[in-house]
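Input: a single structure, listed below in structure tokens.
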Amino acid sequence: QVQLVESGGGLVQPGGSLRLSCAASGSFFSIATMGWYRQAPGKQRELVAVISSGRNTGYADSVKGRFTISSDNAKNTVSLQMNSLKPEDTAVYFCRASLGGTAYWGQGTQVTVSS
């Protein structure tokens with residue numbers, strides 16, 4: 001059973017920073033592609049950042065230079081460091097694991113950027 005649990009969301013002022021973490025259960029972590037997605041009210045879920053098992057990373061254009069995805073195989077965690085946050089970054093952020101053609105999702109964590 002694959003389980004993903006996100007943490008680290010909250011309320012932050014524009015220009016501030018937050019670090020999201022996703023703790024994964026199971027022994028799949030080192031061979032999965034992990035990603036962070038977000039969904040704002042009334043919008044479709046979108047890819048924010050992704051990291052492969054080989055530590056290759058990719059980012060949405062809207063977050064390049066501001067967000068950094070990283071993984072720790074020893075701890076089975078994937079993190080998203082978010083800097084220079086903007087109001088348009090407000091969304092529920094989801095962790096996703098892709099393994100053998102199957103996607104697994106966490107329950108999401110709310111990030112609100114507001115003054």
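The values are calculated or read from the model by the stated rules, or taken from the named source; none is laboratory data. Small disclaimer: the values here were computed from a predicted structure and weren't measured. Cβ placement follows ideal geometry from the backbone for every residue including glycine, while neighbour counts extend to all protein chains displayed. These accessible areas exclude ligands, DNA and RNA; they are computed on the full protein's heavy atoms, side chains included. Shrake-Rupley method; radii C 1.70, N 1.55, O 1.52, S 1.80 Å.
Note on residue 47 and residue 19: their simple-model spin labels are 2.6 nm apart, each label 7 Å out from Cα toward Cβ. One decimal place: the segment residue 83-residue 102 gains 3.8 nm when fully extended, by the rule 0.36 nm per residue minus the C-alpha distance.
Per atom type, the chain shows carbon and sulfur on 46% of its accessible surface, probed at 1.4 Å. Extension gain, residue 27 to residue 57, is 8.7 nm, computed as 0.36 nm per intervening residue step minus the present C-alpha separation.
Take the Cα of residue 110, step 7 Å toward its Cβ, do the same at residue 5, and the gap between the two points is 2.0 nm.
Given the convex hull of the Cα atoms of segment 37-115, what is a quarter of its surface area in nm²? Mean projected area for segment 37-115: 6.0 nm², to one decimal. Per residue, the chain exposes an accessible area of 52 Å² to a 1.4 Å probe, with every protein chain left in place.
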